[in-house]
Amino acid sequence: MTGALASPSEHARQVHARLLKLDGHLDAPIHFMRQGWSIGERHDLSTDVAQLDFPRMEDGNLNGGFFVIYTPQGPLTPTDYDRVFADACRRSEEIDATLAAFPDRIGLALTAQDAERLHAQNRLICFKSIENSYPIGDDVTRLETFYKLGVRLAGPVHSRTNQLADSATDAPRWGGLSPLGKEWLGAMNRLGMMIDPSHASDAAFDDMLSLSRAPLLLSHSGSRSVFDTERNLDDGRLRALAQAGGVLCFTTIYLSDLHMTPERGALMRKLGLIHRLTPDEQAALARDWNALDAAEPMWTAGLDQFMAGLLHVIDVAGIDHVAFSGDFDGGGGIDGLADVTDLPVITERLIEAGLDEADLAKLWGQNILRVLRDNEAAARP
Ligand SMILES: [Zn+2]
């Protein structure tokens, strides 16, 4: 979250503004219940940590995306399952309350067609997604509850192995998906919800790819040949994903090592609980965050590395199989791509690299909507 370097040309800005632009993974709901804060008002990274709000999106930078219901991994006990299920349902209600406060500016999308309609109405698009299906516990029928709440994308696992799948960043327990994880996948397909392998281990990705009837959507992942970490996808799996019709939303995280110091860890914990901070404490958090970014950035990569990585995944997977995610408000944001206001520079760089407007339309939104349509078509109610 440092200052922008870029100033895209007027032509690039105009092209960017008229495309339908979605982000695969927006952690913005962590801000929805903040005291004295509204997503309807404009904020600035110099005084506030939030990387998007409606005015910054409405300027033509971003039309919407998947607003995340995230629950951190905890113990695998019935009591904890019930607790986090309640937490996830509450987060969904908070999203609903936010949408209800701005009915003329944003709406909930349940289908690809809804997204097109909202865009035509000049309203922002809110899809709901689940990061970590831990809250379903051992009861896959809870997915139906999430479906009824409007969720259309879910990943089985986050940064620690759980009851459903091995995590990319934890010791394996199942060698991929667990037996319950395979049930989870069947229920996802039946409901027509998109399956998100971001954060899952290679073996779990392989299981999802081979078992799913419908294409996968990696909501926020990178490329292992750009930066070698388990959290990123290797080129062979990227090709296999594309062959099965899937899409990878290329993200700003893990283009370089995560520089995680005790200070950064403490600030991230504060950020996760920002809804409990007073406005003064929130402002202090932004000051401390910016001061630490100036001294030791969390990610050393910047816009140039992001663009090189994006062009690499387009080269390997093909333009029909790549989309975008900043991982904004969830650890994303790098020098030159600090918040949603910087997105037009990606369009400018891609035009310079030879992409035409049809290519850009796919990358910015149509690929995601195609995967959603394919999942809707594969549903069996
Ligand atoms: Zn994540």
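The values are calculated or read from the model by the stated rules, or taken from the named source; none is laboratory data. Everything numeric in this text was worked out from a predicted model, so none of it was measured. Reconstructed Cβ throughout: ideal geometry from the backbone, glycine too, with neighbour counts over all protein chains shown. Note: areas computed on protein heavy atoms with side chains; ligands, DNA, RNA excluded. Shrake-Rupley method; radii C 1.70, N 1.55, O 1.52, S 1.80 Å.
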Exercise. With respect to residue 352, determine if the residue is touching a helix residue (DSSP H, G or I) at 6+ places or on another chain (Cβ under 8 Å), of a type outside the set (A, V, I, L, M, F, W, C) and open to solvent by 10 Å² or more (accessible area, probe 1.4 Å).
Key: no
Here the residues within the range 171-216 that are farther than 22 Å from residue 374 by Cβ and aromatic (Phe, Trp, Tyr) are 174
Of the conditions (1) at pLDDT below 95; (2) in a helix (DSSP H, G or I), the single one that residue 348 does not satisfy is (1)
Residue 211 meets each of (1) within 17 Å of residue 327 (Cβ to Cβ); (2) over 21 Å from the mean Cα position of the chain (by Cα); (3) not small (Gly, Ala, Ser) with one exception, condition (1)
Counted residues in the range 131-143 being assigned to a strand (DSSP E or B) and open to solvent by less than 10 Å² (accessible area, probe 1.4 Å) come to 0
Out of (1) within 15 Å of residue 89 (Cα to Cα); (2) away from the ligand (no atom under 16 Å from the Cβ); (3) touching a residue at least 24 places away in the same chain (Cβ under 8 Å); (4) out of contact with any Lys or Arg (no Cβ under 7 Å at 6 or more places or on another chain), the one residue 133 does not meet is (2)
(1) open to solvent by 30 Å² or more (accessible area, probe 1.4 Å); (2) within 16 Å of the ligand (Cβ to nearest atom); (3) outside any helix (DSSP H, G or I) all hold for residue 91 apart from (3)
Condition met for residue 267 (more than 16 Å from the ligand (Cβ to nearest atom) and more than 27 Å from residue 21 (Cβ to Cβ)): yes
Scanning the range 230-260 for residues that are open to solvent by 30 Å² or more (accessible area, probe 1.4 Å) and within 16 Å of the ligand (Cβ to nearest atom), the one farthest from the chain's Cα centre (by Cα) turns out to be 260
Restricting attention to the range 162-204, the residues that are of a type in the set (A, V, I, L, M) and either away from the ligand (no atom under 16 Å from the Cβ) or without any contact (Cβ under 8 Å) to a residue 24 or more places away in the chain (or both) number exactly 9
Within the range 307-349, the count of residues that are more than 16 Å from the ligand (Cβ to nearest atom) and in contact (Cβ under 8 Å) with a residue 24 or more places away in the chain comes to 30
